[in-house]
Amino acid sequence: MEKVQRKSRGFWSNFEEYMCAIALVIMTVVTFINVLSRKIPSLNLAFTQEIVTTMFVWVCCLAAASAFKTDSHMGFSYFTDKLEGKAKLIHKLVRITICFLCYGIWIVYGSRMVMGQFRSNLVTPVMQMPGWLIGIAVPVSAVLSIIRIFQHEFKKGDELA
């Protein structure tokens, strides 16, 4: 049972990376097939463009959330690494607050966008795939980003300072 819990914890702690890896493999294969299909005049694979574009949106959103886990986002480390004591604590609190506000906006307006897409039955032109399947990446990414910020900034035994 403990082994299963450890594997499950490992999966969830790297969820974004696994999803990005799977999507990138699918994107690569689909794009390769699309390129090869251009040499066969009777084969129309226009739908592959929608698959790749949809997965690209998801990869970008999931990768943004993943970057918070390892503090891999671009920053002003030249300046912030020089901060010590109270200034470092204030910077950290301001940074966390701004990130939470930003992702809160993403959740609110992203959810509104998805509900609008759902209510209007918006579909993609070629595959007739529901548009909200693409749009929902925004609020999902925001929720995952907030979770990863919490995990990184408030590690077990780590103080805010």
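Excluding the site residues themselves, the longest part of the chain lacking any chymotrypsin sites (Phe, Trp or Tyr not before Pro) in a DSSP loop with at most 12 other Cβ atoms within 10 Å is 77-153. Across the chain, Cα pairs under 8 Å and at least six residues apart give a relative contact order of 27 percent. Among 74, 55, the order by Cβ neighbours within 10 angstrom, fewest to most, reads 74, 55.
Here is the list for region 64-155: trypsin sites (Lys or Arg not before Pro) lying in DSSP coil, each with at most 12 other C-beta atoms within 10 angstrom of its C-beta, are 82, 155. Straight-line cross-link reach from residue 3 at under 27 Å between alpha-carbon atoms covers these lysines, not counting any fewer than eight positions away in the same chain: 69, 155, 156. Computed with the Debye formula from one identical point scatterer per Cα of the chain, without solvent, the log10 of I(q)/I(0) at q = 0.20 Å⁻¹ comes to -1.27. Taking other C-beta atoms within 10 angstrom as a stand-in for reagent exposure, 73, 152 fall in the order 73, 152, fewest first. Each residue in 153, 16, 84 was given a count of other beta-carbon atoms within 10 angstrom of its own, and listing them fewest first yields 84, 153, 16. Screening the chain for whole DSSP H helices of 27 Å or more along their axis (Cα) with average Kyte-Doolittle hydropathy at least 0.5 returns 15-37, 47-69, 85-119.
Every number in this text was worked out from the coordinates using simple rules, so none of it is lab data. All figures in this text were calculated on a predicted structure; none of them were measured in a lab. We place every Cβ from the backbone using ideal geometry, glycine too, and count neighbours over all the protein chains shown.
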